[in-house]
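The values are calculated or read from the model by the stated rules, or taken from the named source; none is laboratory data. Everything numeric here is computed off the predicted structure, so don't read it as measured data. Positions of Cβ are generated from backbone atoms using ideal geometry, with glycine treated the same way; all protein chains shown enter the neighbour counts.
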Amino acid sequence: MKEAVHANRVQLDYAAVLGVCSTIGMLFIAAGYLIYLSGFLPSAAPASEVAMHWHLKASEFHKAVQVPSGWNWVTDLGRGDVLSYASINYLALVTVICLSWIVPSFIREKDRIYTVMTILQVAVLLFAAAGIVSGGH
């Protein structure tokens with residue numbers, strides 16, 4: 001007979017936030033993609049031009065197609081292709097959102113080790129996303 005496994009409060013909190021953020025992310029991706037393909041908003045590059053240059057390295061792609069690079073996309077959220085790209089970036093941020101959400105739970109439980117580990121994890125992820133920790137690339 002299998003032993004029942006029970007999740008603790010922190011795991012349930014993380015799962016609840018992950019569920020909500022993932023659902024929002026999928027809706028955001030679908031909306032961004034539809035807005036891009038429909039032409040509802042102007043785009044930095046039409047989908048046909050992007051598809052024509054998919055085989056290129058990122059550096060070559062940015063020379064061939066005039067799309068924002070690095071964090072420059074943040075200033076162009078009024079464009080369909082950039083909005084679609086923003087939805088992917090949102091999904092990448094979901095882990096940070098979930099980890100940040102459970103820090104107060106660890107503090108309430110007086111679990112100092114997990115509190116510190118989670119805060120450090122969030123910091124490393126944010127530093128990496130910002131390009132502060134890039135490993136020389």
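Being surrounded by 12 or more Cβ atoms within 10 Å (Cβ to Cβ), in contact with a Ser or Thr (Cβ under 6 Å, 6 or more places away or on another chain) and within 28 Å of L125 (Cα to Cα) narrows it down to one residue among I29, I24; which is it? Before you say what the answer is, go through the steps one by one.
Numbers: I24 fails: in contact with a Ser or Thr (Cβ under 6 Å, 6 or more places away or on another chain).
Sole residue among the options that is surrounded by 12 or more Cβ atoms within 10 Å (Cβ to Cβ), in contact with a Ser or Thr (Cβ under 6 Å, 6 or more places away or on another chain) and within 28 Å of L125 (Cα to Cα): I29.
Which one of these does W101 not meet: (1) modelled with pLDDT of 85 or more; (2) more than 30 Å from Q11 (Cα to Cα); (3) of a type outside the set (V, I, T); (4) surrounded by 14 or more Cβ atoms within 10 Å (Cβ to Cβ)? Going through the list (1) modelled with pLDDT of 85 or more; (2) more than 30 Å from Q11 (Cα to Cα); (3) of a type outside the set (V, I, T); (4) surrounded by 14 or more Cβ atoms within 10 Å (Cβ to Cβ), W101 breaks only (2).
Mind checking whether some residue in segment 64-87 is at pLDDT 85 or above and within 30 Å of V10 (Cα to Cα)? Among the residues of segment 64-87, at least one is at pLDDT 85 or above and within 30 Å of V10 (Cα to Cα), which makes the answer yes. Against the conditions (1) under 26 Å from T95 (Cβ atoms); (2) free of Cβ contacts under 8 Å to residues at least 40 places away in the same chain; (3) in contact with a Lys or Arg (Cβ under 9 Å, 6 or more places away or on another chain), Y36 satisfies every one except (2). Suppose the filter is surrounded by 15 or more Cβ atoms within 10 Å (Cβ to Cβ), closer than 26 Å to V116 by Cα and acidic (D, E); does D76 pass it? It is false that D76 is surrounded by 15 or more Cβ atoms within 10 Å (Cβ to Cβ), closer than 26 Å to V116 by Cα and acidic (D, E). Note on segment 53-90: residues that are under 17 Å from F40 (Cβ atoms) and assigned to a helix (DSSP H, G or I) amount to 9.
Looking only at residues in segment 104-113 that are in contact (Cβ under 8 Å) with a residue 60 or more places away in the chain and part of a helix (DSSP H, G or I), the one that is farthest from D13 (Cα to Cα) is F106. The listed residues are V94, V50, and the only one of them that is at pLDDT 85 or above, surrounded by 11 or more Cβ atoms within 10 Å (Cβ to Cβ) and assigned to a helix (DSSP H, G or I) turns out to be V94.
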